[in-house]
Each structure stands twice: as structure tokens, then as C-alpha cells.
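**Student:** Please see the structure below; I have some questions.
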Amino acid sequence: MSNDPRDLDGKRLQQALRLLGRDTVLRARLVEFLRDCEPALVYDGAVRDDVVGPIIDALHEDSDVYAKELADGTRMEFYYRTKIARDLLLSASDRPTHVWEPQTTKLLLTLARHLQGDVIVGGAYFGDQAVLVAKAIAPAGLKVHCFEPNPDQAAMLQSNVALNQLTNVVVNKTGLWNRSGERMRLDGFDSFANAVAASDGEGFSTEAMDDYAARQGIRVGLIQLDIEGAELAALQGAQQLLAKDRPAVVFEVHRHYVDWSQGLRATPICQLFLSLGYEIFAVRDINSHREMPGQPVELVPLDAVYLDGPPHGFNMLALPDASVLDTPEFRRVEGVSPKLLPHKAAHLHHPIGGF
């Protein structure tokens, strides 16, 4: 038996933090203390991700559930499983304006005001964006059709729909793909899981958006996709819909799944949109929860996006008619990164005018 008191592998520290986290009152006090520590820490990096976040993560288990009420009265329940939950928990406001990615939320809600059809959300998760969009379009009699193959998150989404008394949300526990009726399974943890082929009886069934829209008899005005690399396949299954309904599309690209070494224009997903006459922009946003009041949504034209840096992802916007952007709610900028990062170079990673 060793007499060395040091916790060299960190196991005892992990166990201690987990034990502290089982006391919900004490856990809440620790989270509040750590949130207050963030501005005081001098660190050349992301304090949230590198210092405060790992401690708070260690206090939690995957089954821990939180509830949050937003400024507009929207109520959300969510598992503590990814930084989406962690950063919402660390919100500077008791009643924040959004759940995740403030500028993408603004973008979706602005587009929702101009819709001529329903909304499809691929990777709806627990409803972090879908619930807010559904509330916005309910007066127009439009629906949000959600696709979420993760059973736990689909159930949480359904719960949040009921919690907010929404009647215009359809929850599909299937995944979007280029063909209907395929069998897929999720490989990876929670929101980071990507779809891979599965044996018969395993996983979930797939749906092509063209087939779904035809079967439901709907016109589609907006598509949002955050499906960990399956975006291209999903859009390949929506080419009739894209050509006919001409919806706006907000979609994620990530260097792990998309090779943009020859520029974004050369990627298959952007080529698909360009072949249909769409204009494409990168959306500047922070991959976190942060209040950004009064900040217009900054959009970078396809060929003017700064892409250097470690593998990363960001949202993009494809529009059949970019005149919708000619309002004070949007700002077009060039030569900057879509990744808003407070701890990185301001001229590349801060919004124009600063945070």
C-alpha cells in the first residue's frame, strides 16, 4: 500500500467532486461560486472550457435534469450531458433570452417571421431551437417537424413541447438521410453522436425530406440541420423540396466531416446549393450561451470566410433570395472567422464593435 498522499491520477478528486455533486443544494452553491470565479481568473485561454467547466462537469451525472425559464416565458428541461446544458446553467441571467448559440437563435427567429411554409429541424435535441421557433410561427398556423433519433432527447423534446403547451410540433424519432427506410444507429455520446449503418432491428429508421414532405402534404419554408456530418445526405434527400419550395436552410459544417481545404465553395454540400441557385453565408456565432443584445447577426459570404485554425465547426445559411438580409438585423462582413471566441484575436474572432 502506497504512503504517497498525492492524487496523481486524479481518481480521488473525481470521486470527491461526484460525491459533492449528489447534494443538489451544495452543487448549486458550487456552480454559483465557480461562475463568479470566471471573470477573476487570469488565463490565456478559454476559462469556461479549460478551468471552470471540467470542475462543474465532474459534479454531475448524465441523469441529472435541470429546468430553466427564459425571458419570454418559455420553459425548458434538459439533461446535464453536454456544454449546451453546462453553459445554459452558467447563464449570467436568471431568465436568459435563448438556450444555445445566440446569433443562430436570432437568425432562426428572424427567418421565421417571413415563412411561407413549415419548418423541418434535423437534430432537434431537447428543443433548444425548435421550441422557440414553434412558438414564433404558431400564430401563422405553421408547424415544426422535428427529427431526433436519440430516444432520451426525443422524450425530453416531447416533454418540453407539452410543458409549453405547443400544438404545432411534430416529433419524429427517426433520422434524416438521402433515402427513407434505411437502418442507422448513433455512434458516440449524446449530441456528438453521428449516424452509421446498422443491422436490421438495430437503431432507428431514416427519412428522406422529399418523401416526408410529400406524405405530409406540406410546403417547407425553413430547414435547420445539426446532425453531426449527415447534413449532406439529408439535403440529397431533399432536392425536390429545395427546387420547388425554395426554403431557407441553416446547416452545420465541421472539419471532421467536411473537407474545406480547397475552400468552402468546393465542398459537395455548398456545390449542391450553388447548383440550385442559392447564396451561401457563414454565420458568426459563439458555440455557447452568451447574451449578445443589440448585436446584428453577422454573415460572411461564401468566398470571404477565414477558415484557419484547429478542426472546428460552424453554422451556415443558404438562401434562394438574399434580399431578406437587407435589414438592420443583419450585417455582412468579410475576412473574419465564423467562430466568435472572446479569448482569441479580436480582428478575427470578435463581432464588429466587440462583445
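**Student:** Can you find a residue that is at pLDDT below 95 and either among the hydroxyl-bearing types (Ser, Thr, Tyr) or over 24 Å from residue 193 (Cα atoms) (or both) anywhere in the range 64-87?
**Tutor:** yes
**Student:** Just for the range 207-232: of the residues that are in a helix (DSSP H, G or I) and under 18 Å from the mean Cα position of the chain (by Cα), which one is nearest to residue 105 (Cα to Cα)? Spell out the reasoning first.
**Tutor:** So in the range 207-232, the residues in a helix (DSSP H, G or I) come out as 209-216, 231-232.
Now restrict to residues that are under 18 Å from the mean Cα position of the chain (by Cα): 231-232.
Details: 231: 19, 232: 22 Å.
The residue in question is 231.
**Student:** What is the one condition in (1) in contact (Cβ under 8 Å) with a residue 40 or more places away in the chain; (2) surrounded by fewer than 22 Cβ atoms within 10 Å (Cβ to Cβ) that residue 248 does not satisfy?
**Tutor:** (2)
**Student:** A further question on this structure: If you go through the range 188-206, how many residues are of a type in the set (A, V, I, L, M, F, W, C) and part of a helix (DSSP H, G or I)? Break it down stepwise before answering.
**Tutor:** Our first condition is that a residue be of a type in the set (A, V, I, L, M, F, W, C); within the range 188-206, this holds for 189, 192-193, 195-198, 204.
From what's left, part of a helix (DSSP H, G or I): 192.
Selection size over the range 188-206: 1.
**Student:** Next question, about the same structure. Please find, within the range 215-245, the residue that is surrounded by the most Cβ atoms within 10 Å (Cβ to Cβ) out of those that are polar (S, T, N, Q) and farther than 17 Å from residue 129 by Cα. Reasoning before the result, please.
**Tutor:** Initial filter on the range 215-245 (polar (S, T, N, Q)): 216, 224, 236, 239-240.
Narrowing the set further to residues that are farther than 17 Å from residue 129 by Cα leaves 216, 236, 239-240.
Working: 216: 14, 236: 18, 239: 16, 240: 14.
The qualifying residue surrounded by the most Cβ atoms within 10 Å (Cβ to Cβ) is 236.
**Student:** Working carefully through the options 324, 253, 283, 300, find the one that is modelled with pLDDT under 95 and surrounded by 15 or more Cβ atoms within 10 Å (Cβ to Cβ). Working first, answer last.
**Tutor:** On the way: 253 fails: modelled with pLDDT under 95; 283 fails: modelled with pLDDT under 95; 300 fails: modelled with pLDDT under 95.
324 is the lone residue from the list that is modelled with pLDDT under 95 and surrounded by 15 or more Cβ atoms within 10 Å (Cβ to Cβ).
**Student:** Can you tell me which residue among 58, 40, 92, 16 is modelled with pLDDT of 95 or more and on the phi < 0 side of the Ramachandran plot? Even if it seems obvious, please write down each step before you answer.
**Tutor:** On the way: 40 fails: modelled with pLDDT of 95 or more; 92 fails: modelled with pLDDT of 95 or more; 16 fails: modelled with pLDDT of 95 or more.
Of 58, 40, 92, 16, the one residue that is modelled with pLDDT of 95 or more and on the phi < 0 side of the Ramachandran plot is 58.
**Student:** Could you tell me which residue of the range 176-214 is surrounded by the fewest Cβ atoms within 10 Å (Cβ to Cβ), considering only residues that are charged (D, E, K, R) and touching a residue at least 40 places away in the same chain (Cβ under 8 Å)?
**Tutor:** Pass one, the range 176-214, residues charged (D, E, K, R): 179, 182-183, 185, 187, 190, 200, 202, 207, 210-211.
Keeping just the survivors that are touching a residue at least 40 places away in the same chain (Cβ under 8 Å) gives 179, 190, 207.
Numbers: 179: 13, 190: 16, 207: 25.
Going through the qualifying residues, I end up with 179.
**Student:** Enumerate the helices (runs of 4 or more DSSP H) found wholly within the range 58-165, keeping only those where 2 or more residues are without any contact (Cβ under 8 Å) to a residue 12 or more places away in the chain and closer than 30 Å to residue 216 by Cα.
**Tutor:** Numbers: elements: 83-89, 102-112, 130-137, 151-163.
The helices (runs of 4 or more DSSP H) meeting that bar are 151-163.
**Student:** I would also like to ask the following. Taking into account only those residues within the range 206-229 that are of a type in the set (Gly, Ala, Ser) and at pLDDT 95 or above, which is farthest from residue 278 (Cα to Cα)? Give the derivation first.
**Tutor:** As a first pass, look at the range 206-229 and keep what is of a type in the set (Gly, Ala, Ser): 208, 213-214, 217, 221, 229.
Those still in the list that are at pLDDT 95 or above too: 208, 213-214, 217, 221.
Values: 208: 21, 213: 20, 214: 22, 217: 24, 221: 14 Å.
Only one residue fits best here, namely 217.
The values are calculated or read from the model by the stated rules, or taken from the named source; none is laboratory data. What you are looking at is a predicted structure, and each value in this text was computed from that prediction instead of being measured. Glycine gets a Cβ as well: all are built from the backbone with ideal geometry, and neighbour counts include every protein chain shown.
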